[in-house]
Amino acid sequence: MRTLIKNALKSAHPADSITVKGWVRTRRDSKEFSFIELNDGSCLGNLQCIADAGISGYDDIHKMSTGAAVGITGQLIESQGKGQTWEIHASSLELIGESPSDFPLQKKGHSPEFLRSISHLRPRANLYGAVFRMRSRLSKAIHRFFDEQDFTYVHTPIITDSDCEGAGEMFRVTTQQQGAAPKPEEDFFGKDTYLTVSGQLEGEAFATALSNVYTFGPTFRAENSHTTRHASEFWMVEPEMAFCDLEGDMDLAEEFVKYLVKDVLDNNEGDLEIFNKFVDKGLRKRLEFVAERPFQRVSYTEAIDILLASGQKFEYPVEWGVNLQSEHERFLTEEHFKCPTTVYNYPKSVKPFYMRTNDDGKTVTAMDVLVPGIGEIIGGAQREERLDVLQANMKDHGLSEEDYWWYLDLRKYGTCPHAGFGLGFERMLMFVTGMKNIRDVIPFARTPGSCEF
Ligand code: 4AD
Ligand code: MG
C-alpha cells in the first residue's frame with residue numbers, strides 16, 4: 001500500500017514500514033548514504049529519505065536524479081532536521097522512471113514565462129503544484145457553498161447559438177475533417193453556432209423552474225485583450241435566483257466571495273504559505289481583512305463622482321456614461337476605498353440587453369464586484385422580467401425576437417423578478433493566491449496568439 005506524502009508528514013506516530021512514491025526533487029550522496037527529497041504532489045512539503053549504501057535498489061541511486069520517479073519503502077521516524085516532522089529511513093528503493101539531465105525543472109529559480117512554455121511539466125514546480133491544489137479546493141468550496149444554500153447545479157451547454165453578452169466575441173463552431181479546410185457552409189447544426197460566452201441565459205430558464213440554480217463550467221471569449229486578467233478560455237461560476245432583486249444579488253455575491261476567502265484561510269493545507277512567502281507578502285493579512293469587513297457599495301454615478309473628484313490623470317478620461325476601465329476599478333478599490341467594492345446601476349448604454357431598466361430610464365440594475373489588485377471579479381444583474389421592456393431592449397440592441405423566442409417565453413409564462421451573476425474563477429484564484437497573471441492559474445492557458453498544447 002502506498003502512503004501519500006501529505007499523510008506521512010502529518011502522521012501521529014512512527015511506522016515500521018511504509019511505501020511512498022513520487023518524484024525526486026534533490027539528492028545528495030555521501031560515501032555511506034544518500035539523502036533524497038521526494039515529492040508526490042499531495043502537498044507542498046517533501047519527504048526526506050535517508051538511504052544507506054547497499055540497501056536493495058541502491059545500485060540505481062545515481063539514476064535517481066531530479067525529476068525521476070522513485071518508490072521508497074522504509075521506516076517512518078522522527079526527523080532530526082530543522083522544520084521537518086518525519087523522515088523515512090529506507091530499507092529498499094525502486095527506480096520507476098528515470099529523468100535525464102536535460103529535465104527542465106532542475107532546482108533553481110525559473111521565470112513564469114519559461115514555465116508557461118512547459119505547461120505539461122509546470123505542475124511539478126512547488127509553486128504551481130500549490131496553485132493547482134488551490135484550484136481544486138476552491139472548486140469544491142464553490143459546490144459546498146451552493147449546496148449549503150440549497151442551490152441546484154445545472155449543466156448549461158457549451159455549444160450555443162446565442163451571444164449572451166452581445167459583444168460579438170465568440171468562437172465559431174465548424175466541422176472539419178482532420179487536415180482539410182473547414183466547411184462552415186455545410187453547417188452541422190443547420191445554423192451558426194458558437195462556444196458559449198456565459199451559461200446565464202440557460203441558467204435563467206432553470207432558475208424560473210427550480211428557483212435557485214448555478215452553473216460552473218468553461219466559457220470562451222474571442223476578445224483580443226492582451227492583459228494579465230483575460231483568457232480566451234476560462235471558467236465561470238454563475239448562480240441565478242428566482243424572486244431575487246439587485247440587492248439580494250449583491251448580498252449573495254459578497255457572501256460568496258467571503259466564504260471562498262475564509263475557506264482558503266481555513267483549509268489551504270499549507271499551500272498559502274508559499275504564496276505569502278514568495279508571491280505576495282501581504283496576502284494572508286489582506287485575505288483576513290476581506291473575510292471580515294463588509295464590502296463597499298456605491299452606485300456607478302457615485303463612483304464617477306469619486307473618480308472625477310480625485311484629480312487623478314487616467315489614460316481613459318472619466319465622464320458619466322463611460323464603461324469603467326481597469327485603471328478606474330483599481331483606483332476605487334486600491335486608492336479610494338481600499339477594500340472590495342460593489343458598483344451598481346450602470347448606464348444602460350454600456351451593458352447587455354438582458355439587464356433590468358431602472359425607473360430613471362438611463363441606468364440598469366447591473367452590478368460588478370471589484371477587488372484590489374485585479375479589478376472586476378464578478379459581473380451580474382437583476383434581469384429584465386417585463387416582456388414588453390425586454391422586447392424593446394432587444395430591438396435597441398439589434399437582436400431578433402425569433403432567435404431568442406425561448407428566452408422571451410420565460411417572460412411570457414410565469415415571469416418573475418430574478419437575478420444572478422458570474423464570478424471569473426481564475427480571477428478569484430488570482431485574488432486568493434496573489435498570482436499576477438491569469439496564465440499562471442489555469443492548467444493550460446489559451447490566450448490570443450497562444451494555444452501551445
Ligand atoms: O461580466 P461578465 O462578462 O458577465 C457575464 O458573462 C454574465 N452573463 C454573468 C452572469 O450574470 N451570469 O463576466 C463575468 C466574470 C467577470 O466579472 C470576470 O471575472 C470573468 O467573468 N471574465 C473573464 N475572466 C477571464 N478572462 C476573460 N476574458 C473574462 N471575461 C470575463
Ligand atoms: Mg463584466
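The values are calculated or read from the model by the stated rules, or taken from the named source; none is laboratory data. Bear in mind the structure is a predicted one, so any value in this text is a computation, not a measurement. Using ideal geometry, Cβ is built from the backbone for each residue, glycine included, and neighbour counts are taken over all protein chains shown.
Answer yes or no: is there a residue in the stretch 375-390 that is in a loop (DSSP other than H, G, I, E, B), modelled with pLDDT of 95 or more, more than 16 Å from ligand 2 (Cβ to nearest atom) and within 31 Å of the chain's Cα centre (by Cα).
Within the stretch 375-390, the subset in a loop (DSSP other than H, G, I, E, B) is 384-386.
So of that shortlist, the ones also modelled with pLDDT of 95 or more come out as 384-386.
The next check asks that each one be more than 16 Å from ligand 2 (Cβ to nearest atom); those that pass are 384-386.
Still in the running and within 31 Å of the chain's Cα centre (by Cα): 384-385.
Yes: the stretch 375-390 contains one or more residues that are in a loop (DSSP other than H, G, I, E, B), modelled with pLDDT of 95 or more, more than 16 Å from ligand 2 (Cβ to nearest atom) and within 31 Å of the chain's Cα centre (by Cα).
Applying the condition of being more than 13 Å from ligand 2 (Cβ to nearest atom) and out of contact with any helix residue (DSSP H, G or I) (no Cβ under 7 Å at 6 or more places or on another chain) to the stretch 355-372 and asking which residue is nearest to residue 436 (Cα to Cα) yields 356. The residues of the stretch 123-158 that are within 19 Å of residue 211 (Cβ to Cβ) and assigned to a loop (DSSP other than H, G, I, E, B), listed by number, are 149, 150, 151, 154, 155, 156. Checked against the criterion of being aromatic (Phe, Trp, Tyr) and either away from ligand 2 (no atom under 16 Å from the Cβ) or farther than 16 Å from residue 422 by Cβ (or both), the candidates 220, 216 yield just one match: 216.
Tell me the residue from 343, 441, 369 that is touching a Ser or Thr at 6+ places or on another chain (Cβ under 8 Å) and more than 21 Å from residue 324 (Cβ to Cβ), please. Outline the logic, then answer.
On the way: 343 fails: more than 21 Å from residue 324 (Cβ to Cβ); 369 fails: more than 21 Å from residue 324 (Cβ to Cβ).
Selected residue: 441, the only one of 343, 441, 369 that is touching a Ser or Thr at 6+ places or on another chain (Cβ under 8 Å) and more than 21 Å from residue 324 (Cβ to Cβ).
Checked against the criterion of being within 20 Å of the chain's Cα centre (by Cα) and touching a residue at least 24 places away in the same chain (Cβ under 8 Å), the candidates 208, 227, 193 yield just one match: 227.
What number of residues within the stretch 159-192 are in a loop (DSSP other than H, G, I, E, B), of a type outside the set (S, T, N, Q) and more than 16 Å from ligand 2 (Cβ to nearest atom)? So the count comes out to 17.
Got a sec? Which of 168, 190 is surrounded by fewer than 15 Cβ atoms within 10 Å (Cβ to Cβ), closer than 25 Å to residue 393 by Cα and of a type in the set (Gly, Ala, Ser)?
Answer to the selection: 168.
Just one of 369, 432 is within 16 Å of ligand 1 (Cβ to nearest atom), assigned to a helix (DSSP H, G or I) and either at pLDDT 95 or above or crowded, with 17+ Cβ neighbours inside 10 Å (or both); which is it?
Numbers: 369 fails: assigned to a helix (DSSP H, G or I).
After ruling out the rest, the residue left standing is 432.
Checking 243, 189 one by one, the residue that is modelled with pLDDT under 95 and either farther than 30 Å from residue 83 by Cα or charged (D, E, K, R) (or both) is 189 and no other. With respect to (1) free of Cβ contacts under 8 Å to residues at least 60 places away in the same chain; (2) of a type outside the set (A, V, I, L, M, F, W, C); (3) surrounded by fewer than 16 Cβ atoms within 10 Å (Cβ to Cβ), the lone exception for residue 270 is condition (1).
Any residue that is more than 16 Å from ligand 1 (Cβ to nearest atom), touching a residue at least 24 places away in the same chain (Cβ under 8 Å) and surrounded by fewer than 18 Cβ atoms within 10 Å (Cβ to Cβ) - is there at least one of those in the stretch 323-330? Reasoning before the result, please.
Looking only at the stretch 323-330, we keep the residues that are more than 16 Å from ligand 1 (Cβ to nearest atom), and these are 327.
Add one more test, that the residue is touching a residue at least 24 places away in the same chain (Cβ under 8 Å), and what stays is none.
No, every residue in the stretch 323-330 fails to be more than 16 Å from ligand 1 (Cβ to nearest atom), touching a residue at least 24 places away in the same chain (Cβ under 8 Å) and surrounded by fewer than 18 Cβ atoms within 10 Å (Cβ to Cβ).
Restricting attention to the stretch 391-413, the residues being over 18 Å from residue 203 (Cα atoms), touching a residue at least 12 places away in the same chain (Cβ under 8 Å) and outside any loop (DSSP other than H, G, I, E, B) number 4.
Would you call residue 227 of a type in the set (S, T, N, Q), more than 19 Å from residue 161 (Cα to Cα) and either within 15 Å of ligand 2 (Cβ to nearest atom) or in a helix (DSSP H, G or I) (or both)? Against the criterion (of a type in the set (S, T, N, Q), more than 19 Å from residue 161 (Cα to Cα) and either within 15 Å of ligand 2 (Cβ to nearest atom) or in a helix (DSSP H, G or I) (or both)), residue 227 qualifies. Pairs linking a residue in the stretch 151-171 that is closer than 15 Å to residue 420 by Cα to a residue that is away from ligand 2 (no atom under 16 Å from the Cβ) and among the β-branched types (Val, Ile, Thr), with Cβ atoms under 8 Å and 6 or more positions apart or on different chains, are 151/213; 152/213; 153/213; 153/215; 154/213; 154/215; 156/215.
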